1. Can you give the relative contact order of the range 294-350 as a percent, counting alpha carbon pairs under 8 Å and 6+ residues apart?
2. Zone of N352 (label point 7 Å along Cα→Cβ, backbone N under 16 Å): which residues in the range 385-418?
3. For the chain, find the longest principal axis of its Cα atoms and tell me its angle to the long axis of helix 258-267, 0 to 90°, nearest 10.
4. Which angle from 0 to 90°, rounded to the nearest 10, does the C-alpha axis of helix 272-281 make with the longest principal axis of the chain?
5. For D358, enumerate residues with amide H under 5 Å from its amide H, sequence gap 5+ or separate chain, H modeled in the peptide plane.
6. Roughly how tilted is helix 2-16, in degrees to the nearest 10 and between 0 and 90, from the longest Cα axis of the chain?
7. When a/c is below 1.5 the answer is rounded, else prolate if a/b is larger than b/c, else oblate, so apply that to the range 590-749 with a ≥ b ≥ c taken from the square roots of the Cα gyration tensor eigenvalues.
8. If you average the alpha carbon positions of the range 256-303 and of the range 146-166, how far apart do those two centres end up, in angstrom?
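Derivation of every value follows stated rules applied to the coordinates shown; laboratory data play no part. Every value quoted in this text rests on a predicted model; they were computed, and no experiment measured them. Here Cβ is always computed from backbone atoms with ideal geometry, including for glycine, and neighbour counts include all displayed protein chains.
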Amino acid sequence: MRNLFSACALACISLCSTAQSVSDSLSADTLDVILIESTRAGSNTPIAFTELSAKDITPLNNGQDVPYILRLTPSLITTSDAGTGIGYTGMWLRGSDISRINVTINGVPLNDPESQQVFWVNTPDLLSSANNVQIQRGIGTSTNGAAAFGGSIKIDTRVMSTKPYVRTSNSFGSFNTLKNNLSFGTGMLGKHLILEGRISRISSDGYIDRATSKLQSYFGELGYYHDRTTIKLTAFGGKEKTYQSWYGTPTSVLQNNIPAVIAYGIRNGLSISQLNNVINSGRTYNYYEYENQTDNYTQNQAQLHINHTINAQWQVQAALHFTHGEGYYEEFNAQDGLWRYSPDSIFDNSNNYLETSDVIRQRWLKNNFYGSVFSLTRQTKHWQSTLGGGANYYAGNHFGEIVSIANSAIDLKGQHYYNGTSGKSDVNAYWKNTMVIAPHLEGYIDLQARHIGYNTSGTDNDLRTYDIEKSLFFFNPKAGITYTLGQHKAFASAAHAGHEPNRNDFVDAADASTIKPEYMTDFETGYQYRNDWLHAGITGFYMQYKDQLVLTGALNDVGAPLRLNIPNSYRRGVEVEFAVQSKLGFYAQANATWSANKIEQFIETLYDYSNDGFAIINNIYANTDIAFSPCISGSAQGGYKHNWKGAKFNHSIDCAWITKYVGQQYLDNTQNDSRIIDAYLVNDVRIGYTISVAKRFELGVNAWVQNVLDNYYETNGYTYSYISGGLTTEKFYYPQATRNYLVGLSLAY
């Protein structure tokens, strides 16, 4: 990666002698290489969505992961393991976690097909290469990849500049946070080619102890233009090394209750060293102390897009894609049972039988994901029709390797102690139609058929064998109407979709045959008003689930949340948006979501270890709140933006006060008031200043103060309970950073 930085730096320096325009001033000199746009919503599509342009993204892009850049959009909530928004981050949209949020880049699926997660840490600084991000809420439009139950995020990469340029963005701040990126473009080479690229690196020590992140990424595009045909080759990838911090902080530590901390340590078998760690660390406590308790992963992706305009009415688009990922996380296990690592007995150098010993191990994942997506569109004055779809295949290998076993007479390094393989095919086709029904009234029909074939078999990390094969078919219809009159727009829609379980749902279940697909019917209605200085809107939604897979509040042994099917549940609510821009440069934006998120009946399972026995106790709860689903959330920002134009110098200033509020959430589905994440209100301040010289050189400086009021708060957590003499409930939380700073400098030529 260091060599790659050097090579690109030299290329950028050579371009400086011929560069003519910079940064956002390129907007008049760009070519939009057409991408697979058929899954995006149009201005009159009857669904709720928000769009962010590159100009919207840039002021918020300070090195944090994608969820934090999008956090001010409606119904979106974020969390960070390290507490800073860098490293492993998560998000919920309308209460649904990322495994139910479909994410595509240029129409190509980004969700891992097996876990259905998006690990943003594998694509650091991605939005520095984005031209537009569309966030759809609810089921939304038909898309490629994982089904959208909470929403969809559709990322389009930056349009290409016909003029050469070079730019760099750098920031540094609290927790030794550092971000550097370097971008360049050749402009039009001859009459047909444009080459652009970016390299980035981001590092941070994290707010949580030892929660370091070292992230590197690259992005490159080659565009070819000829008459009615465009071809675009896109390659991007990332390499990450992060220290694990997913264990969380016990509630007794957050309360600074030392007797309760000691009691926690005793009942969980902590050693003296571990107990000292938890007592002395405070809010920034990290359970892990082994120096190389790190996650290491590399992911590379390639896309080839072809667009051809047949005539004034017909256009065809197609793309091929390939993703390769591989990596591991390393961990130290003190006095672990050696039966799990070798079928043969293990002895020390004195020929003594070893039943337990300190073990260092790695858990690996290697996978390939490839396929194609396509669309054929016919556009007339009163009707647009698109036939599209995709065929994709995933092949993955899960295995564990031994690094070392203390005192062992035999070197077992590199030996696999578990191994499993997986394959998943995903084929879908959709037919999408928008037609004029009457003056000011448009109809929308979107029909999708999707087939999933999934198989996984082998031995899990706890040495349980599994052999799972599923074939699932989903029919996902959507329909709606939109009425527009001048500056007014109203819409109503109904949609139905099915969603397959993920690998953990099957493998972690006591009986995989009991795990079912989940289904959702989504009703939406909304109204918007927009003019030159005001935008206001309201959306009502009712999402009815059958067999929804809900979070139980517990985690498996690698920090992934556990889920189970619930027969009947729903989410219903209202989203309100408001934005105003005055001619004097002052502006304000705000949104809020009120919702009820309910489970008709939830059965809590407790294990009773009292009296040296083992029993299962089931507690039944009715009409309870769904875990991790606050009834209210919202964000707002108010600021001032102004540009001054002179004969040689142009100046601009942009400053804002940013507020995010998230109401109380439950850690599990029992609606127990002792198992909650408290409501929190967080405020940030940012200010940016830019000066450009003769439209050739641009210098920008910016500063952030995050959590400016220095609040203590937590954004995520987990819980589990058991009975041993009496009921014990363990609760863990993810504290977020107190007041912290970030300063940035950007240059463009």
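1. Taking the mean separation of contacting Cα pairs over the length of the range 294-350, I get 36 percent.
2. Within reach of a label on N352: 406-410.
3. Helix 258-267 sits at roughly 70 degrees to that axis.
4. For helix 272-281, the angle is close to 40 degrees.
5. The list, which skips near neighbours in sequence, is Q335, D336, A406.
6. With both axes taken from Cα atoms, the answer is about 10 degrees.
7. Verdict is prolate for the range 590-749.
8. With the range 256-303 and the range 146-166 each reduced to a Cα centre, they are spaced 37 Å.
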